[in-house]
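The values are calculated or read from the model by the stated rules, or taken from the named source; none is laboratory data. None of these values were measured; they are calculated from a predicted model. Cβ atoms come from the backbone with ideal geometry, glycine included; neighbour counts cover every protein chain shown. The protein model used for the area step is the full one, side chains on, heavy atoms only, and it has no ligands, DNA or RNA in it. Shrake-Rupley method; radii C 1.70, N 1.55, O 1.52, S 1.80 Å.
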Amino acid sequence: TVWVSVHRRGAFLFLRVRDNGVGIAPERVHAAGTLGLVGMRERAQLARGRVAIRALASGGTLVSAVVPAPEQGTE
């Protein structure tokens, strides 16, 4: 099962994706060769934001991202 939430607070967009799978090993979060995780970080940086990935104690993984929100009426 996957839960996704997106909300705007002030000038930022907050994205959270959580699942109830087996989680991710901490060493994989920081592994340079894990292209999916590296790609998420690169995309967040390109948007002038940041992403955090962590294994949950209850199992599963949580991916959180914060990026600047576009101004109202712009793309």
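Points to keep in mind about this one:
- In a fully extended conformation the segment linking ARG41 and VAL17 would gain 7.2 nm over its present Cα-Cα distance, using 0.36 nm per residue.
- Accessible surface for the chain, divided over its residues, is 74 Å² per residue with a 1.4 Å probe.
- Across the range 13-22, coupling constants 3J(HN,Hα) worked out from phi with the 6.51/-1.76/1.60 Karplus curve, θ = phi - 60°, read 9, 10, 10, 10, 10, 10, 10, 10, x, 7 Hz, and Gly and Pro carry x.
- Computed extension gain for ARG48 through THR1, at 0.36 nm per residue and net of the alpha carbon distance, reaches 14.0 nm.
- Proximal charge balance of ARG16 [Cβ under 14 Å; K/R count +1, D/E count -1]: +4
- Translational diffusion of the chain, estimated by Stokes-Einstein from the Kirkwood radius over alpha carbon pairs at 20 °C in a medium of 1.002 mPa s, is 161 µm² per second.
- Placing unit charges on each Cβ (+1 for Lys and Arg, -1 for Asp and Glu) gives the chain a dipole about its Cα centre, and among GLY10, PRO68, GLY23 the Cα reaching farthest toward its positive end belongs to GLY10.
- Computed about its Cα centre, the charge dipole of the chain is approximately 160 debye, with only Lys, Arg, Asp and Glu carrying charge at their Cβ.
- With a Förster radius of 22 Å applied to the beta-carbon distance between LEU56 and ARG8, the computed FRET efficiency rounds to 0.35.
- Per-residue ellipticity at 222 nm computed for the chain from its helices equals -5500 deg cm²/dmol, with DSSP H segments shorter than 4 residues left out and the rest contributing -39,500 (n - 2.57).
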